[in-house]
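Let me begin by presenting the structure, written as structure tokens, before commenting on it.
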Amino acid sequence: MSEKKKAGLKELSPIDIYKLLPKINCKECGQDNCMAFATKIVNREINIDTCPPLLKKENEKAYAKLKDLLKPAVKEVIVGVGDRAKKLGGKLVMYRHEFTYTNPTAMAIDVTDEMPAQEVVTRVQHAENFSFEYIGNTLRLDMIAVRCTSEDADKFKACVKKVSEITTLPMILCTLNPAIAEAGLMAAPKSRPLLYAANTSNWKDMAELALMYSCPIVASAPNDLTTLVSIAKTLMAYGVTDIVLDPGTFMNEGLGDTLNNFTMLRRAATKGGEELAGLPLMGVPMVAWVDKGDTADDLVKWREAYIASMLVVRYADVLVMHGDSGWSLLPTTVLRQNIYTDPRKPVAVAPGLKVFGTPDENSPVFFTSNFALTYYTVASDLDTNKLNAYLIVVETEGSAIDSGVAGRKLTAERVADAIKQSGIESKVKHRKIIIPGKASRISGEIEELSGWKVQVGPRDSSEIPKYLIEKWQP
Amino acid sequence: MSQLLQGDDKKKTDEGLKLSDDLLEALAKFQQIELQDFEMDVKDLEIIFEPGMAGQIMPKLKLPAAITGGKPTSMLQVPFIPPVETYPNKITEVKLGGTKSDGGTRGRTLTIGGEVSPAFYTFERPMPHKPVITLDVFDMEVPLSKAVKMHVKEVVGDPAAWAKLAVEKFDADMVTVHLISIDPLLKDATPKEAVKTVEKVLQAVDVPLVIGGCGDPVKDADVFQAICEAFPNERFLISSITRDMDVERCAKYVKKNGHAALSFTPMDLNLARELNRRLYDFLDREDIVMDLTTAALGYGLDYAFTNMERARIGGLMGDMELAHPMSSGTTNAWAAREAWLKMSAEWEPRELRGPLWEVTTALTLLLAGVDLFMMMHPAAVKTLKDVTNYLTSGKKAESSKYANWVTVKA
């Protein structure tokens with residue numbers, strides 16, 4: 001604490017930034033003044049490069065100082081090139097409530113150089129096309145890990161070449177043999193793949209390759225953090241700048257060591273300002289396949305999936321997966337989206353009347369709770385089905401429908417009030433409200449208090465279109 | 001499926017607690033922090049300081065003098081010092097279930113809480129108790145997803161048989177008897193009928209029980225009273241006491257009859273503190289478990305996770321009002337449509353997706369510090385048990401075995 005290190009950004013105040021700015025209030029950055037700009041910088045809402053005067057020669061020193069002040073606790077390492085290049089790490093904090101996590105955990109799907117060519121193509125395309133729409137976000141997979149299982153440089157080279165031809169997803173080249181790694185790099189020399197991995201025996205050759213092909217590299221030391229940071233230190237001394245750490249991922253009883261290693265590294269980086277721990281972390285849930293034996297594929301995918309999810313929570317910046325089934329990947333991708341949202345985002349949306357499409361006096365009227373996730377789910381179902389409807393958002397203090405009814409946050413009184421306040425009575429000539437199926441318990445009370453006729457709608461808003469066809473008549 | 005069944009955050013440390021330079025030096029030597037005379041203002045506790053801050057005084061890793069210019073020719077050796085911390089406070093232990101010697105009839109008791117480190121920071125110190133799983137049993141028919149229903153359809157409507165199945169087949173540590181039928185808007189069953197249901201479950205299984213109400217603050221208070229008085233010293237967990245109930249009345253009969261209370265609040269730590277403070281007038285700390293609300297994966301799990309993680313860290317750092325074991329209604333995971341909905345072929349089968357949704361929700365909250373899981377699907381229960389067993393085994397990883405994943409021919 002005697003010396004300020006690059007630990008969490010909370011320790012920075014706008015004044016710290018302001019002091020180093022040109023202080024001329026030129027507004028070239030789009031902000032009203034330098035202080036406003038400094039505040040945005042501290043909140044990571046804007047990049048210092050958007051201050052043109054700061055980029056001038058005379059401000060070189062201040063710029064360098066600012067860069068250093070703003071350096072994240074975990075270095076950001078970029079893998080791949082072009083639109084789909086992936087940033088790993090760049091974390092500012094350890095705990096999610098301290099500040100928004102940056103750079104969601106990248107998820108890689110593997111192929112091997114012994115898979116039939118068609119299978120490689122299928123798996124790559126499957127990874128490329130993986131897409132799930134989730135409240136306004138598209139969830140995707142990010143990388144392809146090409147593993148050498150053949151120990152044959154030519155085969156590996158051909159496989160890397162094939163993959164680089166069919167996808168722009170960044171690659172992870174996996175082999176501990178430097179000669180084979182070089183063959184792979186030669187097949188895609190400008191693609192900036194992540195090289196896996198430098199260990200205690202091959203570090204020198206691997207470091208040379210990383211320098212020659214200017215690609216990031218993983219340091220690997222299974223379950224041995226002293227060796228791991230020593231490899232990282234050695235690579236740095238060698239001139240390699242972009243390093244990812246793999247402390248090892250272990251199944252079963254090894255899960256304890258796995259989580260401990262990830263947690264210790266992240267704590268040393270964010271709280272201790274340790275440069276060697278302050279590097280992106282790689283997790284390998286596909287170790288679940290190592291002792292597959294006679295276990296059914298689905299069960300191995302299940303194990304792989306839950307390990308992946310635990311590592312999303314415990315600080316992994318990149319994950320290598322083998323199972324590529326939708327059911328097994330979906331929970332982890334949704335969890336990743338959840339964990340990486342801004343923790344300051346409110347739980348509730350503003351209550352009131354929302355209009356979808358171009359409703360008229362005969363259009364259906366729904367209500368839902370003001371819990372953000374409930375609202376967005378219903379809204380997205382009305383939107384994507386292009387329905388013309390009114391939706392009354394009832395103040396439930398951020399409770400969902402079922403918990404709101406159970407916890408008396410969603411009451412008939414509140415619904416009746418919301419109907420009255422919304423002004424809907426002047427917009428439609430019918431007096432029928434479709435209520436969430438999960439609020440059916442209070443349907444009678446709503447009718448009594450509001451004077452509106454209640455129709456109990458589906459329990460899930462995905463069934464609204466079907467419901468309207470079958471049950472709606474103004 | 002059957003195979004699956006096998007403080008103000010700007011406050012700095014130097015304000016929150018006074019560490020003299022001497023202490024810092026001493027810490028630098030021992031990499032440990034012993035916080036005596038720890039004081040903090042918890043009036044408006046955001047997390048005032050974070051565990052691990054003391055790690056800032058870890059010695060800087062220095063480059064050995066051997067190489068100063070050029071590329072190294074042999075590996076440089078630097079130590080990694082585990083960033084081990086000590087926390088000023090301990091999470092309260094709560095005992096559930098009363099055996100014969102307690103005046104109850106349960107075969108054994110279970111203790112939760114007692115943590116002195118964040119969840120599964122076993123590099124610091126072991127977890128004092130394994131998290132406990134209680135399975136949901138409903139006293140009447142309720143809408144269940146297909147993936148769950150297939151495992152319990154024989155026993156729906158018979159809470160005693162359901163409880164037996166949960167314990168004997170699904171290995172539940174505890175059973176939650178959800179008295180849905182008492183809801184005035186459903187069957188409006190009487191307190192007497194509810195007592196009968198609980199009695200049947202008590203006879204069917206000998207594990208500790210959680211008693212769940214219907215959510216009506218008045219009816220629940222009446223039913224809970226009847227149950228607490230009918231079965232003194234069974235040490236039930238009464239789920240739950242909420243802010244809109246007659247807290248004094250409920251807390252008094254819980255205490256008088258030797259039970260424990262689940263203090264439930266809707267995802268707001270200040271409300272949780274406030275309700276706990278009200279309970280302290282009538283209950284001991286050791287009688288209170290808290291439920292900070294569980295939202296499903298994809299539907300607010302992020303809020304639940306962060307809320308619980310903050311509560312646990314706050315509790316360890318000295319916020320006594322949050323230093324209680326935490327319970328999670330993990331069954332809420334099934335409120336996510338992705339858990340039960342038939343989706344397009346690429347996301348099927350939902351029979352696997354659903355329980356994986358529940359276990360993902362559970363594991364996320366396990367890592368936030370949850371001590372008691374209220375769950376539904378047997379496969380999710382099995383996995384959560386396996387994982388907690390692994391994490392508390394104290395065994396070292398078979399690192400060489402898994403290190404060869406690169407060449408494995410999967």
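Annotations for the structure displayed:
- Test result for A:Asp257, among the acidic types (Asp, Glu), facing chain B (nearest Cβ under 7 Å), crowded, with 22+ Cβ neighbours inside 10 Å and in contact with a Phe, Trp or Tyr (Cβ under 9 Å, 6 or more places away or on another chain): yes
- Residue in the range B:87-123 that is nearest to the chain's Cα centre (by Cα), counting only those that are polar (S, T, N, Q) and within 14 Å of another protein chain (Cβ to nearest Cβ): B:Ser117
- Residues in the range B:274-306 that are within 22 Å of A:Phe371 (Cα to Cα) and among the charged types (D, E, K, R) were compared, and the one that is farthest from the other protein chains (Cβ to nearest Cβ) is B:Asp291.
- Filter pass, A:Leu299 being in the same structural domain as A:Thr149 (by TED's automatic domain parsing), aliphatic (A, V, I, L, M) and surrounded by fewer than 24 Cβ atoms within 10 Å (Cβ to Cβ): yes
- Answer from A:Pro331, A:Pro343 - the residue that is in contact with a His (Cβ under 7 Å, 6 or more places away or on another chain) and within 14 Å of another protein chain (Cβ to nearest Cβ): A:Pro343
- Looking only at the range B:217-268, and only at residues there that are buried (at least 22 other Cβ atoms within 10 Å of the Cβ) and more than 25 Å from the chain's Cα centre (by Cα), the one that is nearest to the other protein chains (Cβ to nearest Cβ): B:Val223
- If the condition is being within 14 Å of chain B (Cβ to nearest Cβ) and β-branched (Val, Ile, Thr), then the range A:92-107 contributes A:Val93, A:Thr100, A:Thr105.
- Contact map, the range A:288-302: residues that are on the phi < 0 side of the Ramachandran plot paired with residues that are part of a helix (DSSP H, G or I) and among the acidic types (Asp, Glu), Cβ distance under 8 Å, separation 6+ or inter-chain. Pairs shown: A:Ala288/A:Glu304; A:Trp289/A:Glu304.
- Count - residues of the range B:370-386 that are more than 17 Å from B:Asn332 (Cα to Cα) and either buried (at least 24 other Cβ atoms within 10 Å of the Cβ) or more than 10 Å from chain A (Cβ to nearest Cβ) (or both): 2
- Within the range A:82-91, considering residues that are closer than 18 Å to A:Met282 by Cβ and assigned to a loop (DSSP other than H, G, I, E, B), the one nearest to the other protein chains (Cβ to nearest Cβ): A:Lys91
- Among the residues making up the range A:317-338, those that are surrounded by 24 or more Cβ atoms within 10 Å (Cβ to Cβ) and not in a helix (DSSP H, G or I) are A:Asp317, A:Val318, A:Leu319, A:Val320, A:Met321, A:His322.
- Only one of B:Asp102, B:Asp37 that is over 24 Å from B:Val381 (Cβ atoms), modelled with pLDDT of 95 or more and of a type outside the set (Lys, Arg): B:Asp102
- Each residue in the range A:53-80 was checked for being surrounded by 14 or more Cβ atoms within 10 Å (Cβ to Cβ) and touching a Pro at 6+ places or on another chain (Cβ under 9 Å), and 11 of them qualify.
- Qualifying residue in the range A:11-26 (condition: touching a Gly at 6+ places or on another chain (Cβ under 7 Å), surrounded by 20 or more Cβ atoms within 10 Å (Cβ to Cβ), away from every other protein chain (no Cβ under 14 Å) and β-branched (Val, Ile, Thr)): no
- Scanning the range B:161-202 for residues that are in contact with a Lys or Arg (Cβ under 6 Å, 6 or more places away or on another chain), in a helix (DSSP H, G or I) and surrounded by fewer than 22 Cβ atoms within 10 Å (Cβ to Cβ) turns up just one, B:Ser181.
- Highlighted here would be strands (runs of 3 or more DSSP E) found entirely within the range B:223-305 that include at least 1 residues which are of a type in the set (S, T, N, Q) and not assigned by TED's automatic domain parsing to the domain that holds B:Glu358, but there are none.
- Whenever a residue of the range A:139-164 is under 18 Å from A:Val218 (Cα atoms) and at pLDDT below 95, it has no partner that is among the aromatic types (Phe, Trp, Tyr) and surrounded by fewer than 20 Cβ atoms within 10 Å (Cβ to Cβ) lying with C-beta atoms less than 9 angstrom away and at least six residues away or across chains.
- Which numbered condition A:Val244 fails, given (1) β-branched (Val, Ile, Thr); (2) buried (at least 24 other Cβ atoms within 10 Å of the Cβ); (3) within 8 Å of another protein chain (Cβ to nearest Cβ): (3)
- Test: residue in the range A:302-316 that is surrounded by fewer than 20 Cβ atoms within 10 Å (Cβ to Cβ), within 10 Å of chain B (Cβ to nearest Cβ) and either assigned to a helix (DSSP H, G or I) or out of contact with any Phe, Trp or Tyr (no Cβ under 6 Å at 6 or more places or on another chain) (or both): no
- Of the residues making up the range A:175-197, none is aromatic (Phe, Trp, Tyr), under 15 Å from the mean Cα position of the chain (by Cα) and within 10 Å of chain B (Cβ to nearest Cβ).
- Qualifying residue in the range B:279-300 (condition: of a type in the set (Val, Ile, Thr) and in contact with an Asp or Glu (Cβ under 9 Å, 6 or more places away or on another chain)): yes
- Every condition in (1) under 23 Å from B:Glu348 (Cβ atoms); (2) facing chain B (nearest Cβ under 8 Å) is met by A:Val290 except one, and the failing one is (1).
- Flag for A:Ser214 being more than 11 Å from chain B (Cβ to nearest Cβ), modelled with pLDDT of 95 or more, in a loop (DSSP other than H, G, I, E, B) and surrounded by fewer than 22 Cβ atoms within 10 Å (Cβ to Cβ): yes
- On the stretch given as the range B:203-215, residues that are crowded, with 20+ Cβ neighbours inside 10 Å and either of a type in the set (D, E, K, R) or at pLDDT 95 or above (or both) total 9.
- When A:Thr226 is tested against the conditions (1) facing chain B (nearest Cβ under 9 Å); (2) within 23 Å of B:Ser400 (Cβ to Cβ); (3) crowded, with 19+ Cβ neighbours inside 10 Å; (4) of a type outside the set (Phe, Trp, Tyr), the lone failure is (3).
- Tally of residues being within 14 Å of chain B (Cβ to nearest Cβ) and in a loop (DSSP other than H, G, I, E, B) across the range A:363-390: 1
The values are calculated or read from the model by the stated rules, or taken from the named source; none is laboratory data. Quantities reported herein were computed from a predicted structural model and do not represent experimental measurements. Positions of Cβ are backbone-derived with ideal geometry, glycine not excepted, and every protein chain shown enters the neighbour counts.
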